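Read the structure below first, then the notes.
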Amino acid sequence: AFVVFALCSWVICSQAFSNSGGSFQVQKHKNTVGMRASAVRYEGDAVRTLYWFRKALRLHDNPSLHAASIGTSTIDHIFCLDPWFVSSGKVGVNRLGFLLESLQDLHQSLTNVGSRLIIVHGNPLEEIPRICKEWGITRIYFESDTEDYARHRDAALLSWAAGHGVEAVRVCGHT
């Protein structure tokens with residue numbers, strides 16, 4: 001299955017993984033408003049936070065996730081399957097397999113606390129703005145990343161957020 005993953009699109013692979021016992025929800029250019037029902041809800045003002053998981057695929061020891069939970073009324077958790085990583089040639093079969101296992105573990109951890117991980121497929125610079133508009137997100141949190149591609153992508157996302165009234169917070173702290 002992992003060889004197929006390396007050769008096929010992220011969507012096909014993720015659907016195959018789901019059929020083999022995983023429980024991910026993969027969305028590509030679909031209205032995902034109805035999927036927000038299991039977001040974790042907190043006390044506080046009506047601040048809707050989107051937490052974008054990237055490298056720190058865990059709940060414990062995650063400074064950016066902890067920061068995102070402060071002062072929010074709702075927090076949704078996403079992971080964006082960015083096609084750039086497969087097409088860049090930097091991701092091999094073993095790394096993709098490890099990613100799938102890590103995402104499954106993260107999804108289970110979120111399920112245990114009454115939420116879930118929503119996986120979207122596509123360029124984060126297209127998918128995250130779409131999600132923010134559809135879900136009424138007012139704040140985005142994510143962990144900083146020092147890789148060249150990530151720095152450029154993050155700068156563009158921060159710029160988009162500033163121009164659209166969405167607070168975007170990049171937190172240092174991945175291990």
May I ask you to compute the full-extension gain from residue 125 to residue 87, defined as 0.36 nm times their residue separation minus their alpha-carbon distance, rounded to one decimal in nm?
12.0 nm
Distance in nm between pseudo-label sites at residue 67 and residue 55 (7 Å out along the Cβ direction from Cα):
1.5
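No lab work stands behind these numbers, since they all come straight from the coordinates. Computed from a predicted structure; not experimentally measured. Note that we place each Cβ from the backbone using ideal geometry, even for glycine, and neighbour counts take in every protein chain shown.
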